[in-house]
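For reference, the structure discussed in these notes is given below.
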Amino acid sequence: MARRKKWVELPEKKPSVFISAADQYVFGQGSHYDIYKKLGAHPSEENGEAGYYFAVWAPHAQAVSVVGDFNDWNKDAAPMRRLGEGGIYEAFIPGVQENQLYKFLITTPAGGELYKADPFANYAELRPGTASKTTDLSKIVWKDEKWQESHRNIDMTKEKLAIYECHIGSFMKHPDGTEHGFYTYREFADRLVSYLSEMKFTHVELMGILEHPFDGSWGYQVTGYYAPTSRYGSPQDFAYLVDTLHRHKIGVIVDWVPAHFATDSYGLSNFDGEPLFEHPDKRLGEHPDWGTKIFNYQKTEVRNFLIANALFWMRQFHVDGLRVDAVASMLYLDYGKQDGQWVPNRYGGNENLDAIEFFKHMNSIVKKERPGFMMIAEESTAWPKITTPVEEGGLGFTLKWNMGWMHDFCEYMKLDPFFRKGNHHGMTFAMSYNGSENYILPLSHDEVVHLKCSMLAKMPGYPIDKYANLRTGYTFMFGHAGKKLLFMGQEFGQEREWSEERELDWYLLQNDLNKGMQDYVKRLLEIYNEYPCMYELDQGFEGFTWLNPDDSDRSIYSFYRHGKSGKRNLAFILNMTPIKRENYQVGVPVKKTYKLILNSDEKCYGGFGNELPKEFKARNAACNNQPFSIDIDMPPYAAVVLEF
C-alpha cells in the first residue's frame, strides 16, 4: 500500500468558517480565546453549498482526513489540508448534516493510523461508541437574559451561596426500566428545579458533565472537554437544563478537570502519534496513581485549549462557575509521586511553575470578561493566596473548598460524645485561618464513598442519636463562616454510601426521621436565605464572633453571626453530647430579647421533643467575655438558633 502524502494540496476556496493566518498565530501564542469557534466541526457554506467545516490541531501528523457516516468511513474521501507550520488541518465537506458521526484519521510520523475523536467536538456518540457527532450550537434559544445580566458583575463572596452537589445519572432513575435508567437533561430539569426550589438551595454543582467514557470515573477522566455528555441528551438539551434553572433563580456550577485526562486510545492521549496535549516526559506527563495523562502546561496551545474551554462553558452554555478539580495535583510536581517519578522545577523546588502561570492567566481572563463568574478551587493543601487577586500575587480564584474544615468536622462528628471534649478545638480551628481565603465548606461526594460511610452513618449512637447528631452538625456548618456545599441525599439522611449505579434512597422519606431531616435542612436553608448575616461577611471574623469556643468539658459551642446592618443577628448554641444542660449560661453582646427561630430537638424534625421558650431576655450578668447573658435548657444533641 502506498504511503499517504504528508499533506494534501487543495484549491484555495474558503468556506464561511475558516482559519486565517492571524488565527494560527494567536493560537500559537496561547491567547486565541475563541479558538473553539474555528477548530472542531462547524456548519458552514462554500459556493452556496451547505456542509460542515472541520479543523484539527495535529502538528506531528503526516496527513489527516475526516471519516464519518457521511462518507462511509472512507479514509480517502475527505483529505484535509495543512495550513502551515502550526500544524492545523482543515477541510470543508459539503452535504454533511447535523447529528452525523465522524472522526479524524491521523497518519502518524511512523506511518501508523489513528482514529481520533475531535478534541473540540460539541457532541459525542453515546458510550461505548467513541465517535464525535456534528451539531449546531447556534440553534440554542436562551431565555435567561435577566439572570445573566444580574450576575455578570456580582461579587459571589458577599452573596448567598448554598450549593447542592449533584450527579444526574444517580439522583433519580427513570421508571421505564431502561438499561441505565437515565433521565434526559430536559426531564431532569423539571425534577431538579422543583426539588431545589422547594429546598431553597441557591446553586447546583453538576458532576460528570464533560464527556467521559467510564461511568465509574464520575466524569473526572475526560475525553471531550467541549461536549456535554450524551448520556442525558444533546448539547441543546443541556442548554435547556441550564436555562430552566436560571429562569427559576438557581445558579449552575460545572465540575471541570484541567489537571489530567483519560488515556483512551480515541481521546487526547498521543493524539497525533506523539505526546501533544500531555507532557512527553512521563515524570511530568503521567499520574501513576490515577492512570491518567497530565496536560503540558508549558505548551502555549495546550494552555489555550484549556483557557478557551473555561470561557466556552461560560459563553456557550451560560454556566455560572467552574469547580476546578484536583488543583493541588497541578500545583505540586511531586503530587502522588515517589522519588524518581517527578522532576524538580528550574529552582530545584516541587512547585509547578507552568501550572501556576496557567492559573493566573486563566483567572485573569475569566474575571476580566465576567467578574461574577466563579472559579472555585478544590485544593487540599495550605498553598497560599489561592483566592487572592492575581495583581496582588495570588492565583485569582473566586473561592476555595475548605478541605481542612471538612476533615476536622467529619473527624469530630464521628467521635463518641465521651471523647469529643478531648478534640473540642478541632471544630474551632478553622476560624483561626478563615481570613486567609474565600472559603466554601464542602460536605461533598468524596466524603460518602470508598467506605467512608454516608454522613448519617458517620454519626455515633443509636439511630435517633445519629439523626440528632447530624442535625446539630449541619447547624454548625450553616452557622460557620463560609459558603455551603452539600452532596445530594445527605440532606435527608441517606443511609448507604453513594454509588453512581443506583438512584438515591428516596424511599427513606417514608420514615419520620428522614423526612424530619429533610425538613430540618430545608429550614436551615430558609434561614440562610432570609438572614444576610449568614452570608454577607464570610471572610475573617468580620461577620462571626465566638461567644464561647472553649467549653470543652460540656462539648458546647456558641457563636453569633452579624451582617453589615448590625440588625437581625443570629446566635447559635450547639450541644454535642446526649446530656441535657439545664440553665446553661451563654454570654451575649447586647441586652435585648433573643427570639427562638430554630430548635433541632423539636419532634417535627425527629427530635426528642424538648420544648423551649419562644423568647429569652438577656440579663446583667457578664459571661464568656460578653457583658450580658441568657440562661437556656439545652436539649441533648441539639442546636438552638436565636435572632436578636
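Where a number appears in this text, it was derived from the coordinates with a stated rule and is not lab data. As the structure is a prediction and not an experimental result, all values here were calculated from the model. Here the Cβ positions follow ideal geometry from the backbone for every residue, glycine too, while neighbour counts run over all protein chains shown.
When Lys and Arg each count +1 and Asp and Glu each count -1, what net charge do the other residues less than 12 Å away from Y528, Cβ to Cβ, add up to?
Neighbour charge sum, excluding Y528 itself: +2.
Full extension from F214 to D339: what is 0.36 nm times the residue separation minus their Cα-Cα distance, to one decimal in nm?
41.9 nm
At each listed q (0.15, 0.19 Å⁻¹), what is the log10 of I(q)/I(0) that the Debye formula gives for the stretch 152-265 modelled as equal alpha-carbon point scatterers?
-0.69, -1.06
Using all Cα-Cα distances in the stretch 160-401, what percent lands in each 10 angstrom bin from 0 up to the longest?
In order of increasing distance, the bins hold 7, 31, 35, 20, 6, 1 percent.
Per the Kirkwood definition applied to all pairs of different Cα atoms, how many angstroms is the hydrodynamic radius of the stretch 78-197?
One over the average 1/r among Cα pairs gives 19.3 Å for the stretch 78-197.
Quickly rank 185-193, 228-236 as a protection proxy: mean count of other C-beta atoms within 10 Å, highest first.
Packing proxy ranking, top to bottom: 228-236, 185-193.
Which order do peptides 108-115, 214-221, 94-101 fall in by mean Cβ count within 10 Å, highest first?
In descending order of packing, they fall as 214-221, 94-101, 108-115.
So what's the net charge close to A481: Lys and Arg +1, Asp and Glu -1, counting the other residues with Cβ under 12 Å from its Cβ?
Net charge around A481: -1.
Cα gyration tensor of the stretch 578-640, axes a ≥ b ≥ c as square roots of the eigenvalues: rounded (a/c below 1.5), prolate (a/b > b/c) or oblate?
prolate
Of the lysine pairs in the stretch 520-644, how many meet both conditions: Cα atoms under 15 Å apart, and a spacing of 8 or more in sequence or different chains?
8
Sort largest first and round to whole Å: the equivalent ellipsoid semi-axes of the stretch 429-530, each the square root of five times a Cα gyration tensor eigenvalue.
Equivalent-ellipsoid dimensions as semi-axes: 23, 16, 13 Å.
How big is the stretch 39-82 in terms of Cα radius of gyration and Dmax, in angstroms?
That works out to 11.3, 34 Å for Rg and Dmax.
Kindly provide the chymotrypsin sites (Phe, Trp or Tyr not before Pro) of the stretch 287-361 that DSSP labels as loop, not H, G, I, E or B, and whose Cβ sees at most 12 other Cβ atoms within 10 Å.
Y347
With angles folded into 0 to 90 degrees, how steeply does helix 403-413 sit against the dominant principal axis of the chain? Use alpha carbons for both and round to 10.
40
Residues with amide H under 5 Å of K483's amide H, sequence separation 5 or more or different chain, H placed in the peptide plane at 1.01 Å from N; which?
Distant-sequence amide H within range of K483: Y439, I440, L441.
Principal axes first, then extents: for the Cα atoms of the chain, list largest minus smallest coordinate on each axis, whole Å, largest first.
94, 59, 42
Among the chymotrypsin sites (Phe, Trp or Tyr not before Pro) within the stretch 481-567, which fall in a DSSP loop and have no more than 16 other Cβ atoms within 10 Å of their own Cβ?
F541
DSSP loop (so not H, G, I, E, B), at most 16 other Cβ within 10 Å: list which trypsin sites (Lys or Arg not before Pro) in the stretch 270-379 pass both filters.
In loop regions of the stretch 270-379 (DSSP not H, G, I, E or B), the sparsely surrounded trypsin sites (Lys or Arg not before Pro) are R346.
State, as an integer percentage, the relative contact order of the stretch 160-401 based on alpha-carbon contacts under 8 Å between residues 6 or more apart.
Reported relative contact order: 14 percent.
Mind giving me the FRET efficiency for F419 and S194? R0 is 41 Å, r the Cβ-Cβ distance, nearest 0.05 is fine.
0.45
Pairs of Cα atoms under 8 Å, at least six residues apart: use those to get the relative contact order of the chain, whole percent.
10
Can you return the aspartates and glutamates within cross-link range of K466? Criterion is Cα-Cα under 19 Å, with same-chain partners fewer than 8 residues away left out.
D408, E411, D416, E447, E491, E495, E497, D505, D512, D519, D601, E602
Using the Cβ atoms and a cut-off under 15 Å, what net charge is assigned to the surroundings of E391, where Lys and Arg are +1 and Asp and Glu are -1?
Once positives and negatives cancel, what remains is +2.
Angle check, please: helix 235-247 long axis (alpha carbons) against the longest principal axis of the chain (alpha carbons), in degrees 0 to 90, nearest 10.
30
Here are some pairs, K133/K360; K160/K200; K37/K360; which of them have Cα atoms lying more than 22 Å apart in this structure?
K133/K360; K37/K360
Note the per residue figure in Å³ for the convex hull of the C-alpha positions in the stretch 233-366.
128
For a quick protection proxy, order the peptides 582-590, 240-248, 132-140 by their average other-Cβ count within 10 Å, most packed first.
Ranking the peptides 582-590, 240-248, 132-140 by packing returns 240-248, 132-140, 582-590.
For helix 463-479, report the angle its Cα long axis makes with the longest principal axis of the Cα atoms of the chain; keep it between 0 and 90° and round to the nearest 10°.
Approximately 80 degrees, to the nearest ten.
Based on DSSP H runs of at least 4 residues, each adding -39500 (n - 2.57), what is the mean residue ellipticity at 222 nm of the chain after dividing by all its residues, to the nearest 500 deg cm²/dmol?
-7000 deg cm²/dmol
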